[in-house]
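Have a look at the structure below, then the notes.
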Ligand code: APR
């Protein structure tokens, strides 16, 4: 099947489905200038070992290293803008072709692109909280502390502050359980820009009857998918939009 036949089939899947969800990964945000994690040559994990600088263990044992070498990568996300791939997912939701977006990303670009129902299964960078008293802080406060003080950010109670991002070693956020319940009700999962190499997020593909994968490189789940398109997310989603508008 050639590319345009695949776009037609994808539009057909969406029209035939009762409830469609998207599952997005870092690959949907690379066209917004944010590197993903595992692309050869550019993925963040080629430069940084997440277990060394972005795990709960490092945050507790060496908060200085966590903030100076790990979290610094997340702070770069705040000025990023959505790209056409995010915008088309927002359009699909508006036109009721899509019931919501499950995202592994913490960059908040789906909300900036107008998606209303977003489940952030790896958390987000809008807020943080105290590890002792659980008090919530806006990320601006934490960023301000990092800009002016060499020491890791602390709460008024003296406890260490941490971002509301799901770190390696964390339990899954509530949004993951919400996404699981939603996936069980869906009959099409549109995977966009994920290698599907991290569990339990990748297990969501097993809960939905039909799976379509849009990803530049092959993923671990291609063999199980009903449709696979190895192309750029923005190109595929813009062509899908034209097909659905036609
Ligand atoms: N269009 C489509 N696919 C793309 C694009 C693009 N423009 N750019 C990159 N990709 C693909 C890459 O080929 C890659 O397979 O997106 C995929 C991104 O995979 P990862 O880098 O593994 O990112 P992701 O799947 O989101 O990782 C999941 O791993 O480290 C954790 O918490 C982190 O949420 C992250 C999780």
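Values quoted throughout were computed directly from the atomic coordinates according to the rules given, and no laboratory measurement underlies them. What you are looking at is a predicted structure, and each value in this text was computed from that prediction instead of being measured. Using ideal geometry, Cβ is built from the backbone for each residue, glycine included, and neighbour counts are taken over all protein chains shown.
Quick notes
- Likely footprinting exposure, 223, 67, fewest C-beta neighbours within 10 Å first: 223, 67
- Cβ-derived FRET efficiency at R0 35 Å, residue 74 paired with residue 15, nearest 0.05: 0.40
- Cα-based Rg of the range 111-179 normalised by 2.2 N^0.38 Å, two decimals: 1.24
- Rounded to the nearest 10 degrees, the angle from helix 139-148 to the longest Cα principal axis of the chain is 50 degrees.
- Secondary-structure-derived ellipticity at 222 nm for the chain, considering helices only, amounts to -9000 deg cm²/dmol, per-run term -39500 (n - 2.57) for DSSP H runs with n ≥ 4.
- Calculated P(r) of the chain - Cα pairs past 25 Å, %: 43
- Rounded tilt (10° steps) of 84-94 against the dominant C-alpha axis of the chain: 70
- Helix 174-185 axis, angle to the chain major axis (alpha carbon atoms, nearest 10°): 10
- With the highest mean first, a sort of the peptides 34-44, 155-165, 18-28 on other beta-carbon atoms found within 10 angstrom per residue produces 18-28, 155-165, 34-44.
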